[in-house]
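Input: a single structure, listed below in structure tokens.
The values are calculated or read from the model by the stated rules, or taken from the named source; none is laboratory data. Quick caveat, the model's predicted, so the values are computed rather than measured. All Cβ positions, glycine included, derive from the backbone under ideal geometry; neighbour counts span all protein chains shown.
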């Protein structure tokens, strides 16, 4: 059954790609859920994470775990700093001005990286040897296992954090009603900082994983990845954490499917075509709740 | 005087006078200015035309669109194909570019305008990406290599005259019944549909007119650079136009004019900074948003401000005379 095997193979490829998108999408969806803004700089944070991982990996003492952890920490700090400098002063004004501010940040970050590291695509040093496992008739590389594993673990960790910790409860309260949460003694500023830290950390991790997987890092890689991840977040229903995971995997799978059926020139369009189709039939995304609007 | 101005014939004649004057003045300016400054002025005009279109969609009607570059690219390619392959005269090509973009605006508008807020934003963004990928893979557009051999027919007076026409039509539209309906939709869609405004109709109208402006801008752009490729019309182009509208002040036509001037000239003025240019540009966007969150002219009613300043000087004079 060559078709079935091929399908399984593409499923694995799609899952690995989707895991990366899902990690970035989680950042979009969490921030949106809490302060209702689209943080367009996430794509650039993802790029920053990839470069942080690259720089760490180039020092000889570092293995893959420390590179991942280091990049995650750096992007977490970056995310909090961005929030403090560029978003906090305009939290009370219109959402569009926050959007433009985010775009300003992302232009700054990508041109900063061009200045520091040059505009060329760089390869990623091998942190561990790639091996190929044959399961039945399809293959899975160790890179794919690591990506799916790390992405899965992070999502599980995030789920546990949001469901069972005090901070997680505070985040959910803020998502429902910021003012009411603040009256109940929740420190809104801290919740927002933590949200940005977690979201950026996830994007940074995704950056390192993407760097390893594609063996390519460049200053503008964040743009399209960020857009697709945003599409994933909206597809799943923006503001919903499980939605972002599902959306990311759906986008990853459709992209791989596009390549499989020999339309790889159109692969960037596939994700968006699926997105528009889903939105037409379910305007608030797969897992999104329909908001009741009142006058 | 007021009664005279209400007469449509007088208005029309005034309109023609303004156009003639613009063409005359810009023609004179075009002879004096060095080519580099003239080029910047030309791009200010093109960006202004497109930004006015987006201002109608996002600023006046309140529908966030992140895909304006798609309409620009459709206009650019349509006009380029018309003038190069079918030898249509330049202004005809511009009109064709606008009309084709407008048609796409209507076709895309019908299904997507059911969506609201960020869902609409991402749908328009997705549409723009699909259009870009499509142009990359089409034969007639010469794919990723780009469309070559377009004549550089765009001149400064032509761009400025079209920009002035756009400004006048936009002011006129905003003060019309349709414009008021669009403003009502921005303020509250449910309330405006409750008082009998056909929200879908007016949203599509705004979308179609906005797309037309973008198409005209794209056509002028194609005939300025003489070479277009799909990467010219990526997401960042949509963002550039949106930044002009938001930075100038949403819904404010004078604001859009100032936004177009500032944001088109800024990267050129910052050119001496060489490699730091785009970094400074990014920081500039953030700083302006922090200090003027509603845009440079957001919340400023220019007509009232001018009248107030005028009244103040009058009062002062009156006080002195006493």
Would a scan of the stretch B:249-256 turn up a residue that is at the interface with chain A (Cβ under 9 Å from one of its Cβ atoms) and either within 29 Å of residue A:118 (Cα to Cα) or under 14 Å from the mean Cα position of the chain (by Cα) (or both)? yes
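Which one of B:152, B:143, B:196 is exposed (fewer than 14 other Cβ atoms within 10 Å of the Cβ) and at pLDDT below 90?
Working: B:143 fails: exposed (fewer than 14 other Cβ atoms within 10 Å of the Cβ); B:196 fails: at pLDDT below 90.
None of the other options fit; the residue is B:152.
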Taking residue A:185 and the conditions (1) within 12 Å of chain B (Cβ to nearest Cβ); (2) free of Cβ contacts under 8 Å to residues at least 24 places away in the same chain, which numbered condition does it fall short on, given that it satisfies the others? (1)
Search the stretch B:97-146 for residues being within 24 Å of residue A:28 (Cα to Cα) and in a loop (DSSP other than H, G, I, E, B), and hand back the single one that is farthest from the other protein chains (Cβ to nearest Cβ). B:113
Find the residue count for the stretch B:24-39, including only residues that are assigned to a helix (DSSP H, G or I) and surrounded by fewer than 16 Cβ atoms within 10 Å (Cβ to Cβ). 11
Among the numbered criteria (1) over 10 Å from the mean Cα position of the chain (by Cα); (2) within 14 Å of chain A (Cβ to nearest Cβ), which single criterion is violated by residue B:244? (1)
Out of the stretch A:91-108, which residues are facing chain B (nearest Cβ under 8 Å) and under 19 Å from the mean Cα position of the chain (by Cα)? A:99, A:103, A:105, A:106, A:107
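Here is a yes/no grid of residues against (1) modelled with pLDDT of 85 or more; (2) in a helix (DSSP H, G or I); (3) touching a strand residue (DSSP E or B) at 6+ places or on another chain (Cβ under 9 Å):
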site	(1), (2), (3)
B:223	yes, yes, no
B:242	yes, yes, no
B:257	yes, yes, no
B:264	yes, yes, no
B:275	no, yes, no
B:282	yes, yes, no
B:296	no, no, no
B:299	no, no, no
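Which one is farthest from residue A:206 (Cα to Cα), of the residues in the stretch A:81-90 that are more than 10 Å from chain B (Cβ to nearest Cβ) and surrounded by fewer than 18 Cβ atoms within 10 Å (Cβ to Cβ)? Break it down stepwise before answering.
Going through the stretch A:81-90, the residues more than 10 Å from chain B (Cβ to nearest Cβ) turn out to be A:81, A:83-84.
Now drop any that are not surrounded by fewer than 18 Cβ atoms within 10 Å (Cβ to Cβ), which leaves A:81, A:84.
Numbers: A:81: 20, A:84: 23 Å.
Residue satisfying both the conditions and the ranking: A:84.
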If residue B:89 passes every condition in (1) surrounded by fewer than 24 Cβ atoms within 10 Å (Cβ to Cβ); (2) within 14 Å of another protein chain (Cβ to nearest Cβ); (3) on the phi < 0 side of the Ramachandran plot but one, which one does it miss? (2)
Would you mind stating whether residue A:43 is part of a helix (DSSP H, G or I), within 14 Å of chain B (Cβ to nearest Cβ), at pLDDT below 95 and buried (at least 24 other Cβ atoms within 10 Å of the Cβ)? yes
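Quick test for you: out of B:61, B:83, pick the one residue that is surrounded by 22 or more Cβ atoms within 10 Å (Cβ to Cβ) and either free of Cβ contacts under 8 Å to residues at least 40 places away in the same chain or within 20 Å of residue B:238 (Cα to Cα) (or both).
B:61
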Given the residues A:275, A:235, A:223, A:253, which is the only one that is under 30 Å from residue B:114 (Cα atoms), within 14 Å of another protein chain (Cβ to nearest Cβ), surrounded by fewer than 23 Cβ atoms within 10 Å (Cβ to Cβ) and within 17 Å of the chain's Cα centre (by Cα)? A:223
Looking at A:72, A:66 in this structure, which one is part of a helix (DSSP H, G or I) and surrounded by fewer than 21 Cβ atoms within 10 Å (Cβ to Cβ)? A:66
Would a scan of the stretch B:303-315 turn up a residue that is at pLDDT below 90, assigned to a helix (DSSP H, G or I) and within 14 Å of another protein chain (Cβ to nearest Cβ)? no
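Between B:179, B:196, which is part of a loop (DSSP other than H, G, I, E, B) and either closer than 21 Å to residue B:158 by Cβ or more than 14 Å from chain A (Cβ to nearest Cβ) (or both)?
Going through B:179, B:196 in turn, just one is part of a loop (DSSP other than H, G, I, E, B) and either closer than 21 Å to residue B:158 by Cβ or more than 14 Å from chain A (Cβ to nearest Cβ) (or both): B:196.
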